[in-house]
Amino acid sequence: MDTQCVSIKHPQGDEPMAKKSQQAEERAFQTLFELIRTREIRPGERIYETDLTERFGMSRTPLRTALGRLVAEGVLFKTPGRKGYVLPVLSGNDMRDVFYARAALEGMAGFLLAEKCPEHAIENLTDIIRRQRELFDTGIRKGEYASLNGLFHFTLVELAGNGYITRAFSPVYWRSIMYTLLYATFYTGVEDVETPHHPRRPSREQHQEIVEAVKSRDGEHTRKIIEIHVLENCEYWKGDRSTEGAAAPAEPVERR
């Protein structure tokens, strides 16, 4: 028997079916995430697979996989025995809890990475920052910038090489990013008049500071730099009542 790996080809092309399936699932995932970012799916709202299929022309299988991935990451909730998915209501207390958890995990990852400081880690992180700067120079695309921002943080955690931190980090990050996408003025384009403006350095500059800390091989310094970077989000939105009242009603909104 021939033991070499055989790729299953799509009848209408040369690309393996598995790769096309993965691409369809990724497109569905990115589409759903963009709907959340633009508030077409609102916190507290119940959404249905059939509705999404009809509204956006998505195929059922990749859509179902993408929804399952968002549930696994803690972005969406699915109640046993009930149809549909819910984007959880956000709150100030939840925001503080999730950002403190993220700061602890990511800070320790930075500590471990700085202790090792492999050359390829510096190169990978620096390349992501370069792409962030290029995106600003050529015209900011917020969805793409959000993806690069996430890539930087996930890469840093994975390069630390601690599987327990990596597995714990993913759902915490995705939960925290909901607050960033839905309430940070960079993404919403709306300044909350009830919230004092807090000047912030661009994230790409803060990311460069993190890389410099890693290069110094000072684990404790790196941990502190990362914690400050992550927790700055809580300080930035402290007292912002939009996370308490504007998110959604207590009962999920039905959308079919």
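The phi torsions of segment 215-226, fed into the Karplus equation with coefficients 6.51, -1.76 and 1.60 and a -60° offset, translate into couplings of 4, 6, 6, 9, x, 5, 5, 4, 4, 5, 4, 5 Hz, rounded to whole numbers, with Gly and Pro shown as x.
Scanning residues 5 or more positions from GLU45 or on other chains, those with amide H under 5 Å from its amide H are LEU87, VAL253, with H placed 1.01 Å from N in the peptide plane. Our coupling estimate for segment 33-43, obtained by passing each phi through the Karplus curve with A = 6.51, B = -1.76, C = 1.60 and θ = phi - 60°, is 5, 5, 5, 5, 4, 8, 6, 6, 10, 9, x Hz, Gly and Pro reported as x. Computed from backbone phi with θ = phi - 60° and the Karplus coefficients 6.51, -1.76 and 1.60, the 3J(HN,Hα) list for segment 90-105 is 9, 8, x, 5, 5, 4, 4, 4, 6, 6, 5, 5, 5, 4, 5, 5 Hz; x is used for glycine and proline. For GLY84, the amide hydrogen comes within under 5 Å of the amide hydrogens of GLU49, counting only partners 5 or more places away or on other chains and with H modelled in the peptide plane.
Rule-based calculations on the coordinates, nothing more; no lab input. Predicted model only: the values in this text are computed from it and were never measured.
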